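For reference, the structure discussed in these notes is given below.
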Amino acid sequence: MTGTLTIDEILAKLEGVKPSGDDWTARCPVAEHDDHRQSLTVAVGEKAFLFTCHKGCATEHIASALGYTMADLFLDRGNNGNGKRTIVATYDYVEEAGQLLFQKVRYAPKDFRQRRPDGSGGWTWKLGDVRRVLYRLPEVVAGVTAGEPVYVVEGEKDADAIAALGLVATCNPEGASESGKRSKWRPEYSEFVRGADVVIWADKDEAGRAHARAVATSLAGVAASVRIVEAAEGKDASDHLDAGFTPSEFVDVDVVDAGVSPAEADAEIRVRTPAEVCAVAGDHPDWIIFGLVARNAITEIIAKMKTGKTDVILAGVDAILTGDNFLGHATQRVEVLYLTEERPPSFADALRRRGMDQRSGLHIILRSGTLNMTWPEIVEFVRAYVRANGIGLVVIDTLSDWASLAADEENDSSAALEAVRPLQLLAADNVAVWTGRHSRKGYAGDVADSGRGSGAFTGAVEIVLGLQKMVGSGNKNQRKVIPVGRFNDTPAESFVIERQGYSYTVIGTPGQVGREGARQALLASAPGNRDGAVSARELLKAAGVTSTIGYELLKDLKAKGILVAEKGAGTSGKAEGFWRPEGEL
């Protein structure tokens, strides 16, 4: 035999071949050995192919059993005309129907090049404008269609090792970039796995983790779900499998803590065209509550303490779980994970009052059960739970309590962003996030600036819902909702809701509701006879109506004869005394 022997030819003659790091394991071919445990290791050395039988079989006996001489095992340094290396493996990259587009070639000593057919039975060592695709593309396309998860690894060897177990695995032909360099994952690669559940298997080094993060960023909004994992033992997927672990026994990795430095993160920033941005986002947000709460977005409800913030959120959650409209907006039925700061007795009481104590689809985490965990640890647990249980909405009530922010930290923009950052990663997992925050005391300005603490909180979310009492309406069950958002579907005008039992109904605009509510309150509070007549000031105070609209309403009610006003009547002294004639209510 000449010196053109390749590793692929050797492996083809062996049984039970499995990748093992940069090497391979197989059953020893020596007849006397009768190997049933893959005792043979095959490697590509600096000068020759190496056989190591862990039962002691000699290399010459192994080579003879395969039909080779010892001389055949030496690498041909002149095989590619460069006098330095030889091809030890090739990996075919094919289009959807299986037609060869190009090959990735592995050399010894370890090196890689790419080549494509030249149309005359030879090769061209420049790809030019040949179409770039993912490795094992036909299997990837079939797997995505069948709804199977897709494993994205760093190299072809790992992909083959996972595929050998009957799973769908792939990689990009260029591999990972050096740490700090631009990602080699192209936007078109993401389209091959659109709608799939993708598991990115990162190599345990800086380049591998940066590559995994870049792939995850590209897949956000494209894949149905994305998770980054690492080997339970060893550096990569092959090491993990060789150690006896199954593909499902990997270790989940938080991309924030995946060893990626700020410089590397900057290097992974993707610049997209308008068409690419629109393709990633889709035609419309995936609304859980139309116009108010969406997947891949964070909604924040801001209210003073004891305003009913939790009550409104629970009403929305109940509508989602039952498929009913909420505040006149359609809902999408999804599983909900609720993180509550309340203690079990009070939260249980709130659930029972609403009839939600037996509601299916509601998952609850109590703050009291997580006091020994940091906020990033809690969110990482939540992300894993969301993926495992198909959660569509996560509620955090309230963010400052769950993130353990002290008063001075709430005012610190850095601390605020540190609290919100894990939620942005959670939302990027194709989950809707709905969080609550308390408003500032005595603040009466723009609702977007009304939240307690730094404005960085509001700047990091997509939708803000201000919740305020309807002062002067005379109805304690009414609340004004002030929506502010980045989406066209979010209501542009404020509206008033009224609690009826344990549900809420939209009853009009603040102007409409405020005037009518005040009118009814004045009529209900006005005495029913002349002897009980009271002054305008006393009547406004009794009705809980502000002077801003109160005096105007009294003038109108008097002009229409609905209320009677007479100086000195009743207890009014020298002022006009107001009362309601019989039947005017």
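The values are calculated or read from the model by the stated rules, or taken from the named source; none is laboratory data. In this text, all values refer to a predicted model and were calculated from it rather than measured experimentally. Glycine gets a Cβ as well: all are built from the backbone with ideal geometry, and neighbour counts include every protein chain shown.
Considering segment 354-411, the residues that are over 24 Å from the mean Cα position of the chain (by Cα) and closer than 16 Å to residue 334 by Cβ include one that is modelled with the lowest pLDDT, namely 359.
Considering only residues in segment 112-153 that are within 37 Å of the chain's Cα centre (by Cα) and of a type in the set (Asp, Glu), the one that is farthest from residue 165 (Cα to Cα) turns out to be 129. Pairs linking a residue in segment 308-331 that is in the same structural domain as residue 501 (by TED's automatic domain parsing) and in contact (Cβ under 8 Å) with a residue 24 or more places away in the chain to a residue that is buried (at least 22 other Cβ atoms within 10 Å of the Cβ) and assigned to a loop (DSSP other than H, G, I, E, B), with Cβ atoms under 7 Å and 6 or more positions apart or on different chains, are 329/292.
Assess whether residue 351 counts as being over 18 Å from the mean Cα position of the chain (by Cα) and part of a helix (DSSP H, G or I).
Here the answer is yes, as residue 351 does meet what is asked.
Number of residues in segment 459-474 that are modelled with pLDDT under 70 and either buried (at least 21 other Cβ atoms within 10 Å of the Cβ) or closer than 21 Å to residue 400 by Cα (or both) equals 2.
When each of 572, 535 is tested for being buried (at least 20 other Cβ atoms within 10 Å of the Cβ) and either in contact with a strand residue (DSSP E or B) (Cβ under 7 Å, 6 or more places away or on another chain) or at pLDDT 90 or above (or both), the lone residue that passes is 572.
Taken over segment 511-569, residues that are part of a helix (DSSP H, G or I), over 59 Å from the mean Cα position of the chain (by Cα) and hydrophobic (A, V, I, L, M, F, W, C) amount to 1.
Count of segment 158-199 residues, restricted to those that are β-branched (Val, Ile, Thr) and either over 24 Å from the mean Cα position of the chain (by Cα) or in a helix (DSSP H, G or I) (or both), is 1. The residues of segment 137-157 that are closer than 26 Å to residue 23 by Cβ and either at pLDDT below 95 or in a loop (DSSP other than H, G, I, E, B) (or both), listed by number, are 153, 154, 155, 156, 157.
Matching residues to (1) of a type outside the set (A, V, I, L, M, F, W, C); (2) surrounded by fewer than 19 Cβ atoms within 10 Å (Cβ to Cβ); (3) in contact with a Lys or Arg (Cβ under 9 Å, 6 or more places away or on another chain); (4) closer than 16 Å to residue 222 by Cβ:
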| position | (1), (2), (3), (4) |
| --- | --- |
| 122 | yes, yes, no, no |
| 132 | yes, yes, yes, no |
| 135 | yes, no, yes, no |
| 144 | no, no, yes, yes |
| 156 | yes, no, yes, no |
| 184 | yes, yes, no, no |
| 190 | yes, no, no, yes |
| 198 | no, no, yes, yes |
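Here segment 14-54 is the region considered, the condition is being in contact with a Phe, Trp or Tyr (Cβ under 9 Å, 6 or more places away or on another chain) and at pLDDT 85 or above, and the residue that is farthest from residue 154 (Cα to Cα) is 28. Looking across segment 141-176 at every residue that is in contact with a helix residue (DSSP H, G or I) (Cβ under 6 Å, 6 or more places away or on another chain) and among the small types (Gly, Ala, Ser), the one that is farthest from residue 239 (Cα to Cα) is identified as 176.
From the list 533, 559, which one is of a type outside the set (Asp, Glu), touching a residue at least 40 places away in the same chain (Cβ under 8 Å) and not assigned by TED's automatic domain parsing to the domain that holds residue 319?
Among 533, 559, only 533 is of a type outside the set (Asp, Glu), touching a residue at least 40 places away in the same chain (Cβ under 8 Å) and not assigned by TED's automatic domain parsing to the domain that holds residue 319.
Taking segment 32-67 as the range and being touching a helix residue (DSSP H, G or I) at 6+ places or on another chain (Cβ under 9 Å), in a strand (DSSP E or B) and among the hydroxyl-bearing types (Ser, Thr, Tyr) as the test, only 52 passes.
The set of residues in segment 28-74 that are of a type in the set (A, V, I, L, M), touching a residue at least 40 places away in the same chain (Cβ under 8 Å) and in contact with a Pro (Cβ under 9 Å, 6 or more places away or on another chain) comprises 44, 66. Flag not set for residue 545, criterion: touching a residue at least 40 places away in the same chain (Cβ under 8 Å), within 18 Å of residue 581 (Cβ to Cβ) and β-branched (Val, Ile, Thr).
When 222, 153, 193, 198 are checked against the criterion of being closer than 22 Å to residue 425 by Cα, touching a residue at least 60 places away in the same chain (Cβ under 8 Å) and either in contact with a strand residue (DSSP E or B) (Cβ under 9 Å, 6 or more places away or on another chain) or not hydroxyl-bearing (Ser, Thr, Tyr) (or both), 153 stands alone in meeting it.
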